[in-house]
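The values are calculated or read from the model by the stated rules, or taken from the named source; none is laboratory data. For clarity, every value in this text was computed on a predicted model and none was experimentally measured. Neighbour counts run over all protein chains shown; Cβ positions are idealised from the backbone, glycine included. Ligands, DNA and RNA are excluded from the accessible area calculation, which covers all protein heavy atoms including side chains. Shrake-Rupley method; radii C 1.70, N 1.55, O 1.52, S 1.80 Å.
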Amino acid sequence: MLTFIAVVGAVGLVNGARVLQPPLGHRSVPLLRVDGLQFKDLNRNGKLDVYEDWRKTPADRAADLVRQLSQEDLAGVIVHATLPAAGGPEARIGRGGGYDFEKAKTLIAGKRINTFITRLGGDPVMIATSANKLQEIAEEATFGIPVTISTDPRNSFLYVPGASVEAGSFSQWPESTGFAAINEPSLTRQYAEIVRKEYLAVGIREALSPQADLATEPRFPRINGTFGENADVARAHVQAYVEGMQDGKNGLKPSSVITVVKHWVGYGAQRDGLDSHNYYGRYSDLSNDLLTYHVKPFVGAFAAHVAAVMPAYSILERITLDGEALEPVGVGFSRQMLTGLLRGKYGFDGVVLSDWGITSDCGEYCRDGMPAGQQPGPAQIAMSWGVMDLSRADRFAKAINAGVDQVGGTDDVAAVLEAWKSGKLGEARVKQAASRVLAQKFAIGLFENPYVDTDLVRKVVGNPASQAAGAAAQQRAMVPLENRLGGTPVKARARVWLFDVSPAVAKAHGLTVVDSPDVADIAIIRAAAPFEIKHPGYFFGSRQHEGRLNFQPGDRAFDALQKCGKTPVAMTVYLDRPAILTEVKDKASALYADFGISDDALLDVLSGKAKASGHLPFELPSSGAAVEAQKSDMPHDSPHPLYPYGYALR
């Protein structure tokens, strides 16, 4: 560390221009002194290679490193694996109390992999300390290529394995739909800037977000991750998010988090709302008429020079490009959609990172679900739609030849090497993909300093100012739908009956909690949009919200509402999907929509200390029949919506 301090602030010349010595975070590699400046001798050959020279461009450094790498090294660069967790039932997907560092060393030093997703939650200092240990392992490996650690979103409320991570100590904000409800792109950028700083503090350098999918199909299980169904609104917020996460609109820099916009394209238009994580939901109903509309949010990402794009799993049956029908394969295998449309028409020149599991084997249980009574597990995860009958090596070859630069959710470098050595995957294409991935590592400064200061973590992650900003956004995103009380729903010192609201929080607000709605001044009910688990035999189907959107007897919140009789009710419904509120509209005295809000923030709104000022980012249908009648790819087309797009009670 004394060496580290000594070199900071040194100045040199590059083409006559003064350059400032960057901090060099290192543990085991020796340093080189050249022209009065210091560099890390990452390959320990005693001389300064181009890839070690931080004065060179990321592209030149990547080209030099790729020239030196073996086939095995290059194969490791173009896969994006999962950091192995230690023990626990979900260790296979990276969830646990910490990393298994012996397994991690096998992946980093043995398989030469240097990009991983983390799914660790818990103490942020532990996450940061663990990231430093991983970087120490990487520094000791051949060529000293640092690890890029990615994450699914972890700063909101809903947790679904494979889509999001619990917020834990990180600042907590509304879902993306909540930002669309507020519709101030500057706030979305502020949010992304705070998240970026939190990620950087714990060593996370890649965000598997934002979702640029449009919420045009109300039954779709992942609507909460979108910016609603209006393409122009979504475009502005996607662009603001990328700018906040990458610290500007001119591409990557050392202060950036690599940002991955997803899912190219049509994922929000899933047939019958069924998610393409599942075999039964592998088709999107995106049509040629609405293709440009669904692309529009991605154009916002391109304007901000987004670093990476993730293709959708879905098969697009209704699309033709240049007069030719698309091959019936998932977008991650479609040369027409990736090399043709994405890189050709829209000029994207960053990394194409596939979604997870597209090269995995989809066997009997993946296709048909587990038998009744048996719990599906991670072993059934595979999304190789349209290419299930190909060998694993052939799937890698097809995806990479189609335009994928890095294959997500796999550590199967052997299959990459098999495809390469069999001639199905060309050397030039592999080197092109690896160069794109490595150039981004150079651009964000990972090669100079991949380590984080664990003493600073608690000052950044979830600090009071960030938490307060998140809570304020939760409140602003709420949408008032009905109020027949003529004023603030919850009066000071009121007697309240609570459903799914913390009594301790209510008491802290000066309210008296009672055991029956019959003796309450008002009942407060927190509800979630109705759903069904229609496919319990599938790993994702057993966890996702599918099916109906209407309240009915047997739903806990609806039964609680019925129990209230003549007692006034203030009710909020969490809209992870556009709920049908026909059955509750006239029963609740005050009705709100929310997109993730804490009990404390909610009670501030209901008691008039904060204002709900959001507008619906999608329409709320009037009936199940209306949902069936609308088109999956068309916005605002539900017949006679109960609440139209943009509605808020005035």
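Specify which of the listed residues (Phe531, Phe551) is surrounded by 22 or more Cβ atoms within 10 Å (Cβ to Cβ) and in contact with a strand residue (DSSP E or B) (Cβ under 9 Å, 6 or more places away or on another chain).
Phe551
Tell me, which helices (runs of 4 or more DSSP H) lie completely within the stretch 350-453 with 3 or more residues that are touching a helix residue (DSSP H, G or I) at 6+ places or on another chain (Cβ under 8 Å), modelled with pLDDT of 95 or more and within 22 Å of Gln68 (Cβ to Cβ)?
Fully inside the stretch 350-453 and qualifying: 413-421, 427-443.
I need the strands (runs of 3 or more DSSP E) fully contained in the stretch 259-335, keeping only those with at least 2 residues that are more than 18 Å from the chain's Cα centre (by Cα).
283-287, 315-318
Identify all residues within the stretch 329-346 that are over 17 Å from Ala397 (Cα atoms) and open to solvent by 20 Å² or more (accessible area, probe 1.4 Å); write none if there are none.
If the condition is that a residue be over 17 Å from Ala397 (Cα atoms) and open to solvent by 20 Å² or more (accessible area, probe 1.4 Å), then Gly340, Arg343, Gly344, Lys345, Tyr346 are the ones that fit.
Any residue that is open to solvent by less than 20 Å² (accessible area, probe 1.4 Å), acidic (Asp, Glu), without any contact (Cβ under 8 Å) to a residue 40 or more places away in the chain and more than 26 Å from Ala128 (Cα to Cα) - is there at least one of those in the stretch 64-79?
yes
Exactly one of these conditions fails for Gly565: (1) crowded, with 22+ Cβ neighbours inside 10 Å; (2) touching a helix residue (DSSP H, G or I) at 6+ places or on another chain (Cβ under 8 Å). Give me its number.
So Gly565 meets the others, but not (1).
Among the numbered criteria (1) surrounded by fewer than 19 Cβ atoms within 10 Å (Cβ to Cβ); (2) among the small types (Gly, Ala, Ser); (3) under 26 Å from Phe39 (Cα atoms), which single criterion is violated by Ala439?
Of (1) surrounded by fewer than 19 Cβ atoms within 10 Å (Cβ to Cβ); (2) among the small types (Gly, Ala, Ser); (3) under 26 Å from Phe39 (Cα atoms), only one is false for Ala439: (1).
Could you check Asp368 against (1) touching a strand residue (DSSP E or B) at 6+ places or on another chain (Cβ under 8 Å); (2) open to solvent by 10 Å² or more (accessible area, probe 1.4 Å); (3) of a type in the set (D, E, K, R) and say which number it fails?
Unmet condition: (1).
Give me a count of the residues in the stretch 168-205 that are outside any loop (DSSP other than H, G, I, E, B), within 22 Å of Leu353 (Cα to Cα) and open to solvent by 10 Å² or more (accessible area, probe 1.4 Å).
3
Taking Tyr267 as the residue in question, decide whether it is open to solvent by 40 Å² or more (accessible area, probe 1.4 Å) and within 16 Å of Arg222 (Cα to Cα).
No; evaluated as a whole, the condition is false for this residue.
Restricting attention to the stretch 415-435, and to residues there that are within 28 Å of the chain's Cα centre (by Cα) and hydrophobic (A, V, I, L, M, F, W, C), which single residue is surrounded by the fewest Cβ atoms within 10 Å (Cβ to Cβ)?
Going through the qualifying residues, I end up with Ala415.
Taking the options Pro621, Pro617, name whichever one is open to solvent by less than 10 Å² (accessible area, probe 1.4 Å), in contact with a strand residue (DSSP E or B) (Cβ under 6 Å, 6 or more places away or on another chain), under 24 Å from Leu214 (Cα atoms) and modelled with pLDDT of 95 or more.
Result: Pro621 is the single residue among Pro621, Pro617 that is open to solvent by less than 10 Å² (accessible area, probe 1.4 Å), in contact with a strand residue (DSSP E or B) (Cβ under 6 Å, 6 or more places away or on another chain), under 24 Å from Leu214 (Cα atoms) and modelled with pLDDT of 95 or more.
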